[in-house]
Amino acid sequence: MCQQNALQRADGHKGRTLQSKNAVMTDEQTKRDEYFMRLALNEAKAAYEEGEIPVGAVIVANGRVIARAHNQTETLHDVTAHAEMLAITSAASMLGGKYLSGCTLYVTVEPCIMCAGALGWAQMSRIVYGAADEKRGYSVFAPKALHPKAKVEGGILEEECKALMQAFFAGKRK
Ligand SMILES: [Zn+2]
């Protein structure tokens, strides 16, 4: 009886250890993602202050930020000046090559079709976004636009990313 209890305890303990190890790894990834998303959010806030739709992006390679940008369609009078497009151009110029395989893009709002296409051409390996965009997001209209091997994660700091967009459009309606 006593031995059985000991075995049960040992098994239970082992289960917990394995589980918590996985949880720690996921936690670390989430922490990293939230850290870089916060930098993208800072970019989005800069856009907001400039009267631009508040979308921000950063591109990370080997744990380092190699490009950061925010939406500048009004400032540049250019409908293609989305945060992701500017960040892709900047990252490619920084790396001295057009392909961004191995890089991660963090963007506060789900990319549109144009940006998803550009991310596909650039072979971006991982895309992490904050808020989903049901009206203009690529996942509804062009779910295959990204590179076939690209990994996508949505919903990182979602509430903050969404709140900034809502504040912007609420201000516009006034
Ligand atoms: Zn876009």
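Residues of the range 125-141 that are hydrophobic (A, V, I, L, M, F, W, C), at pLDDT 95 or above and either surrounded by fewer than 19 Cβ atoms within 10 Å (Cβ to Cβ) or within 13 Å of the ligand (Cβ to nearest atom) (or both): 127, 132. For the range 129-174, the tally of residues that are touching a Gly at 6+ places or on another chain (Cβ under 8 Å) and under 18 Å from residue 100 (Cα atoms) stands at 5.
Taking the range 77-124 as the region of interest, how many residues are β-branched (Val, Ile, Thr) and more than 10 Å from the ligand (Cβ to nearest atom)?
Of the residues in the range 77-124, 4 are β-branched (Val, Ile, Thr) and more than 10 Å from the ligand (Cβ to nearest atom).
Taking the range 64-85 as the range and being touching a residue at least 24 places away in the same chain (Cβ under 8 Å) and more than 22 Å from residue 162 (Cβ to Cβ) as the test, the residues that pass are 65, 66, 67, 75, 80. Screening residue 172 against (1) in contact with a strand residue (DSSP E or B) (Cβ under 6 Å, 6 or more places away or on another chain); (2) away from the ligand (no atom under 16 Å from the Cβ); (3) not small (Gly, Ala, Ser) leaves a single unmet condition, (1). Annotation note: of 66, 53, the sole residue that is surrounded by 18 or more Cβ atoms within 10 Å (Cβ to Cβ), out of contact with any Phe, Trp or Tyr (no Cβ under 9 Å at 6 or more places or on another chain), among the hydrophobic types (A, V, I, L, M, F, W, C) and at pLDDT 95 or above is 66.
The values are calculated or read from the model by the stated rules, or taken from the named source; none is laboratory data. Model, not experiment: these values are computed from the prediction. A quick note on method: Cβ atoms are made from the backbone with ideal geometry, for glycine too, and the neighbour counts reach across all protein chains shown.
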